[in-house]
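Notes follow once the structure below has been shown.
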Amino acid sequence: QDLSLPNGTPVDTSSPASSSSLLNRLQLDDDFDGETRDLFVTVDDPKKHVCTMETYITYRVTTKTTRAEFDLPEYSVRRRYQDFDWLRNKLEESQPTHLIPPLPEKFVVKGVVDRFSEEFVETRRKALDKFLKRITDHPVLSFNEHFNVFLTAKDLNAYKKQGMALLSKMGESVKYVTGGYKLRSRPLEFAAIGEYLDTFSLKLGTIDRIAQRIIKEQLEYLVELREYGPVYSTWGGLEVELSEPLEGVSACIGNCCTALEELSEDMTEDFLPVLREYMLYSESMKNVLKKRDQVQAEYEAKLEAVALKKEDRPKVPTDVEKCQDRVECFNADLKADMERWQNNKRQDFRQLLMGMADKNIQYYEKCLTAWESIIPLLQDKPETK
Amino acid sequence: MEDCLVKKMEITVSEAEKRTGRNAVNMQETYTAYLIETRAVESQGEGQCAPVDSLWRRYSEFELLRNYLSVTYPHIVVPPLPEKRADFVWHKLSADNMDPDFVERRRIGLENFLLRVASHPVLCQDKIFYSFLTQESGWKEIVNETGFQLKADSRLKALNATFRVKNPDKRFTELKHYSDELQSVISHLLRVRARVADRLYGVYKVHGNYGRVFSEWSAIEKEMGDGLQSAGHHMDVYAASIDDILEEEEHYADQLKEYLFYAEALRAVCRKHELMQYDLEMAAQDLTSKKQQCEELATGTVRTFSLKGMTSKLFGQETPEQREAKIKVLEEQIQEGEEQLKSKNLEGRDFVKSAWADIERFKEQKNHDLKEALISYAVMQISMCKKGIQVWTNAKECFSKM
């Protein structure tokens, strides 16, 4: 049942995957650094795999590119969630000065959600697609070699094992983990970012709670509506002349029930996950800020140590120089990423909230149509029959 | 076809006022008084406006009027009064009789009651009704003087008749069944509607929280700030809009309630028929048994068992003179009974005829009114949907400027 296509097999361009990725392209951030895009990635076609040990879902990851870093212009591979998780970890490790986009939650958190249900899989697919597109858009991350392998390798597991061995040797030098240095004070601009992220995630949390509360109230409203409509029908059964009007009202309420159900589903599947994503994003960004603090703390500590020695050294030792470089690099990367993040965030929320408004408009339009259509039925004179 | 009172006279219940007074056991009580205003309708209708007459009545006086009408015109489906106590409330409305919204809706209900009576071809001609509208003091005495309370059938008598009647008119049996079902279905509908209103209120109000959080969020944003802030304002508007929407829906609920209570009036007419029919059956039975007794005495045969028969067997027969006397009494009773039976039969047929005529009139009124009520309900829903579209479109526009 393994459906991974060998590298180089042309992907069907008439598939919906292509057109949806086209739409996504248009909605995301435009040219970065003035260049035209040369890398397009899409996640689609979820498939269930039933094996003796476990059951899991894979997604098709399709790549189209003109970049020299890729051997072929097109790739199509199959990946499962743990592959995405692996990629994210690798990116965090290898690009610690950058903001890595979040993944959808690993485990199903609350409720009796079936992790193989269509809605859950689709929600996850969209989030994974978003994840890869954000990396694709990033001028540094998109050139990361792990990302390249993720997109192209037929056997990712083999590469993973290889990577593990290397990592255990090189681990410490790659990571920016510094021991026990405490930063005295964050520079103003990063302090501002930190404060912003704190308030931002608080507000998102509130919005998440409100949205969930609304969905809950709507579902309770739906329960009552489902009892309400049929009573008109029962009444219609009692009457002669009023039978049709009452049946009409009953059917109308039924239509409103359907519309409401769709609205609640949409909000659950499209709205809430994006909020959660951004809350996860904020959390990981705060961690990056902390790492930056640590790097700066190390630099300042070492600088102080040198200053205390007070020798007539003509130049600063290279160790301290290296630290200074690290700090400056980190700051520059982080600032650039923050700016990009702010812009993307604005677009994402613009789209998200407009989407929420749209869903509500559609709900009311469906109900409006239903009620307007029964007015002539209600006004119908018996003589005209 | 005589013109109904409603065509000659404008009737309104224009105001409601809280009053305090002393009740029958000299305890202080608070009640609401309603101002009834009447004015003659000018046929010429130019410039000249007839003066307005007015008087105050409280709910218990309306009840007295209705009781009088029900007893005096048992063949008529008498319009019902608005509910005495607030029922089928959803949580925001209070069940308090003194609550201004309840009083206001009751005022409208009482006006509606008066207009219904005034437009009824039979009821509008009633003198007691006329003096209810025009004579403030002494009306209660006039009503009581009619002695209508004596004419009222006891509940027990009515219940008895319902169980024991053998041949009621099939149409009335069906009608009674219909009114039972109608009462049941409208009650159910009103109960669920109240729950629906409750839930809908919750949905709208929670959206108000968006207003606050968008406002707070906009404070930390640069480009997104304005769009968020103004969208939040629209969320507040959305949350606030539900109050008016549900207030309007209460009028629809009141229209349904009127017909819920009308079902009871229908049942009352059916009960009266059953009572009259039972009375007739009893009278016929009594007559038959008297005729039989007479025959037995005359021929000397005992066909039916009677205590008298047994005692006379045991203690000796009566004298021929005694027997003659008895026969004579019975013959008189029989004659009386036959006349009574004839008139009861006539009464019964008249009742059925006139009751059924009013029932047909009522059916047409009901179909018309309920259709109108459903249309107005649909119109309310359409208005609510349009408001919803408007608000969310405005919000969407604000979001687009983020």
Scan the stretch A:193-213 residue by residue and report those that are within 25 Å of A:Asp270 (Cβ to Cβ), in contact (Cβ under 8 Å) with a residue 60 or more places away in the chain and not small (Gly, Ala, Ser).
A:Leu197, A:Phe200, A:Leu204, A:Ile207, A:Asp208, A:Gln212
Of a type outside the set (Val, Ile, Thr) and in contact with a Phe, Trp or Tyr (Cβ under 8 Å, 6 or more places away or on another chain), is that true of B:Ser218?
no
So A:Thr206, is it at the interface with chain B (Cβ under 8 Å from one of its Cβ atoms) and either under 23 Å from the mean Cα position of the chain (by Cα) or not in a helix (DSSP H, G or I) (or both)
yes
Looking at A:Ala297, A:Ala259, A:Ala336, A:Ala301, which is the one that is free of Cβ contacts under 8 Å to residues at least 12 places away in the same chain, over 26 Å from A:Lys106 (Cβ atoms) and part of a helix (DSSP H, G or I)?
A:Ala336
State whether one or more residues within the stretch A:245-257 are within 43 Å of the chain's Cα centre (by Cα), assigned by the TED database to the domain that holds A:Pro273 and β-branched (Val, Ile, Thr).
yes
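Looking at the stretch B:215-228 only, could you name the residues that are free of Cβ contacts under 8 Å to residues at least 60 places away in the same chain and more than 7 Å from every other protein chain (Cβ to nearest Cβ)?
Result: B:Ser215, B:Ser218, B:Ala219, B:Glu221, B:Lys222, B:Gly225.
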Matching entry among A:Val223, A:Val231 (being modelled with pLDDT of 95 or more, exposed (fewer than 15 other Cβ atoms within 10 Å of the Cβ) and within 9 Å of another protein chain (Cβ to nearest Cβ))
A:Val223
Is one or more of the residues making up the stretch B:146-162 open to solvent by less than 60 Å² (accessible area, probe 1.4 Å), β-branched (Val, Ile, Thr) and not in a helix (DSSP H, G or I)?
yes
Where residues in the stretch B:278-296 are in contact (Cβ under 8 Å) with a residue 40 or more places away in the chain and open to solvent by 40 Å² or more (accessible area, probe 1.4 Å), which of them is nearest to B:Tyr178 (Cα to Cα)?
B:Asp279
Whichever residue in the stretch A:359-373 is at the interface with another protein chain (Cβ under 8 Å from one of its Cβ atoms) and either open to solvent by 50 Å² or more (accessible area, probe 1.4 Å) or among the small types (Gly, Ala, Ser) (or both) and, among such residues, is nearest to A:Tyr278 (Cα to Cα):
A:Glu365
Quick check on the stretch B:109-117. Is at least one of its residues modelled with pLDDT under 90 and over 26 Å from B:Cys270 (Cα atoms)?
no
Note on the stretch B:167-178: residues more than 10 Å from chain A (Cβ to nearest Cβ) and of a type in the set (Phe, Trp, Tyr) are B:Phe172
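Being facing chain A (nearest Cβ under 7 Å) and either out of contact with any helix residue (DSSP H, G or I) (no Cβ under 9 Å at 6 or more places or on another chain) or open to solvent by 40 Å² or more (accessible area, probe 1.4 Å) (or both) is the filter here; which residues of the stretch B:368-399 pass it?
Passing the criteria: B:Lys386, B:Thr393, B:Lys396.
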Of the residues in the stretch A:56-98, those that are in contact (Cβ under 8 Å) with a residue 12 or more places away in the chain, in a helix (DSSP H, G or I) and not acidic (Asp, Glu) come to A:Tyr81, A:Phe84, A:Trp86, A:Leu87, A:Arg88, A:Lys90, A:Leu91, A:Ser94
Condition first: touching a residue at least 12 places away in the same chain (Cβ under 8 Å), surrounded by fewer than 17 Cβ atoms within 10 Å (Cβ to Cβ) and either within 24 Å of A:Ser282 (Cβ to Cβ) or not assigned by the TED database to the domain that holds A:Asp333 (or both). Can you find one or more residues in the stretch A:125-138 that meet it?
no
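Which is surrounded by fewer than 19 Cβ atoms within 10 Å (Cβ to Cβ), within 14 Å of chain B (Cβ to nearest Cβ), out of contact with any Phe, Trp or Tyr (no Cβ under 9 Å at 6 or more places or on another chain) and of a type in the set (D, E, K, R), of A:Glu241, A:Glu304? Before the answer, list the steps.
Numbers: A:Glu304 fails: within 14 Å of chain B (Cβ to nearest Cβ).
Of the residues listed, the single one that is surrounded by fewer than 19 Cβ atoms within 10 Å (Cβ to Cβ), within 14 Å of chain B (Cβ to nearest Cβ), out of contact with any Phe, Trp or Tyr (no Cβ under 9 Å at 6 or more places or on another chain) and of a type in the set (D, E, K, R) is A:Glu241.
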Answer yes if at least one residue in the stretch B:225-241 is out of contact with any helix residue (DSSP H, G or I) (no Cβ under 8 Å at 6 or more places or on another chain) and open to solvent by 40 Å² or more (accessible area, probe 1.4 Å), and no otherwise.
no
Scanning the stretch B:205-214 for residues that are more than 9 Å from chain A (Cβ to nearest Cβ) and surrounded by 18 or more Cβ atoms within 10 Å (Cβ to Cβ) gives B:Gly211
If you scan the stretch B:179-203, which residues turn out to be out of contact with any Phe, Trp or Tyr (no Cβ under 6 Å at 6 or more places or on another chain), more than 9 Å from chain A (Cβ to nearest Cβ) and open to solvent by less than 10 Å² (accessible area, probe 1.4 Å)?
B:Ser179
Given (1) at pLDDT below 95; (2) more than 18 Å from A:Val41 (Cα to Cα); (3) in contact with a Leu (Cβ under 9 Å, 6 or more places away or on another chain), identify the lone condition not met by A:Leu183.
(3)
Looking at this structure, is B:Asn167 open to solvent by 100 Å² or more (accessible area, probe 1.4 Å) and polar (S, T, N, Q)?
yes
Every residue in the stretch A:320-351 that is within 14 Å of chain B (Cβ to nearest Cβ) and open to solvent by less than 20 Å² (accessible area, probe 1.4 Å), please.
A:Met338, A:Trp341, A:Lys345, A:Asp348, A:Phe349
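The values are calculated or read from the model by the stated rules, or taken from the named source; none is laboratory data. Note that the structure is predicted; figures quoted are calculated from it, not measured. Note: ideal-geometry Cβ built from the backbone for every residue, glycine included; neighbour counts use all protein chains shown. Note: accessible area is taken over every heavy atom of the protein model, side chains too, but ligands, DNA and RNA are not part of it. Shrake-Rupley method; radii C 1.70, N 1.55, O 1.52, S 1.80 Å.
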